[in-house]
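Report on the following structure.
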Amino acid sequence: MNKFKFKFDFIVLFALCLLYLKYIPIWTNEWFNFDSFYSFFPFLIIFGFQFFKKKAKKLKKTEKNPTNWGLLPLITGVLIYYTGIKADIDLLIGLSLPLFLSGTVLFLYGKRTFMIVMPVIILFSLSLPIIPIFRLTTPLQIFLADVAAQILHFLNINAYALGSNIFIDKYQVTIEAGCTGVKSLSSLLIVNFLLFYFKNISVLKKFLIVLFSFAISFVGNIIRILLINFYIIYNGIKDSEAFHYNSGLGIFVISLLIILVINEFIEEDKIVEEYKIA
């Protein structure tokens, strides 16, 4: 029976690969592209490895109770996938994959196993490059341009913002979607989740860490925009693209190190530990 189930699992996995064969190369390119919003995917690989390493015993001990309720997300996934193919809507095609995964786990293993692996399914679903994030960043682009222009003006630099553009003398700096910091923010949030998921800390502490991630991402991005403006003021636009990329990478690394240090010094809640020992 177990041998049959293993073979059936393999068949299901193979079928999913065939269904999404066209999109796997596109998604992979987004996952491992630093300029992509979904470049946090390598962190998810680390999380997945740690997750199944720590949950392996629990998964083995969990009783398998397959449920026909798994057919509901499976059938829904088929309908959404079919609609996405016919209408050529990548968003629908991508949304069908989490439904297929959830339905398969429920149908083959049951609710208890599903509840254990649900964090992995949710994070994997968030990593699918199907949501047009950068189309939603226009208000943030305008806001960041305005803030940067005001800071420059405060420093007695003749600068003003118009839309998502910053005008400095004869130069124009455009705050594009990729300059809003959503890429670094997504990675910082995933890293935070990876770090504190396995820690016995309160919800309040986790919430404060997430808030700090937003703050450090916002401040770091403002600093990056200001640095780019200063570079253009004193050096012109020559090699500004390389400076833009390198400064972004540098600020992200610094932000990541700060997050790692903060998580390292967070003390685990003793009450939770005592409860587990008891």
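The values are calculated or read from the model by the stated rules, or taken from the named source; none is laboratory data. From a predicted model like this one, the values you see are computed outputs, not experimental measurements. Using ideal geometry, Cβ is built from the backbone for each residue, glycine included, and neighbour counts are taken over all protein chains shown.
Looking at ILE209, ILE201, ILE223, can you tell me which residue is closer than 30 Å to PHE51 by Cβ, assigned to a helix (DSSP H, G or I) and within 30 Å of the chain's Cα centre (by Cα)?
One residue alone meets the criteria, ILE209.
What's the total number of residues in the stretch 148-181 that are farther than 30 Å from LEU126 by Cα and in a helix (DSSP H, G or I)?
The qualifying residues number 7.
Is there any pair with a first residue in the stretch 63-80 that is farther than 11 Å from GLY103 by Cα and a second that is among the small types (Gly, Ala, Ser) and surrounded by 13 or more Cβ atoms within 10 Å (Cβ to Cβ) whose Cβ atoms are under 6 Å apart and which are 6 or more apart or on different chains, and what are they?
LYS64/GLY110; ASN65/GLY110; ILE80/SER96
ALA177 versus (1) in contact with a Phe, Trp or Tyr (Cβ under 8 Å, 6 or more places away or on another chain); (2) at pLDDT below 85; (3) within 30 Å of PHE49 (Cα to Cα): which is the lone unmet condition?
Answer for ALA177: the failing condition is (3).
Among the listed residues LEU99, LEU140, identify the single one that is under 22 Å from GLY48 (Cα atoms) and part of a helix (DSSP H, G or I).
Just one listed residue meets the conditions, LEU99.
Does ILE11 satisfy being out of contact with any Gly (no Cβ under 7 Å at 6 or more places or on another chain) and modelled with pLDDT of 80 or more?
So ILE11 does not fit the description; no.
Consider only pairs whose beta carbons are under 8 Å apart and that are at least six residues apart or on different chains; among these, list those whose first residue lies in the stretch 150-164 and is over 15 Å from ILE225 (Cα atoms) and whose second residue is part of a loop (DSSP other than H, G, I, E, B).
Every condition considered, the pairs that remain are ASN158/ASP169.
Yes/no per residue for (1) over 15 Å from PHE124 (Cβ atoms); (2) in a helix (DSSP H, G or I); (3) of a type in the set (A, V, I, L, M):
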| position | (1), (2), (3) |
| --- | --- |
| ASN29 | yes, yes, no |
| LEU44 | no, yes, yes |
| PHE51 | no, yes, no |
| LYS60 | yes, yes, no |
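Among the residues of the stretch 182-197, is there at least one that is outside any helix (DSSP H, G or I) and farther than 19 Å from ILE142 by Cβ?
The answer is yes, given that some residue of the stretch 182-197 is outside any helix (DSSP H, G or I) and farther than 19 Å from ILE142 by Cβ.
Residue check, VAL105 against (1) in contact with a helix residue (DSSP H, G or I) (Cβ under 8 Å, 6 or more places away or on another chain); (2) farther than 20 Å from LYS60 by Cα; (3) of a type outside the set (Lys, Arg); (4) without any contact (Cβ under 8 Å) to a residue 40 or more places away in the chain, all met but one. Which one?
With (1) in contact with a helix residue (DSSP H, G or I) (Cβ under 8 Å, 6 or more places away or on another chain); (2) farther than 20 Å from LYS60 by Cα; (3) of a type outside the set (Lys, Arg); (4) without any contact (Cβ under 8 Å) to a residue 40 or more places away in the chain applied to VAL105, the lone miss is (2).
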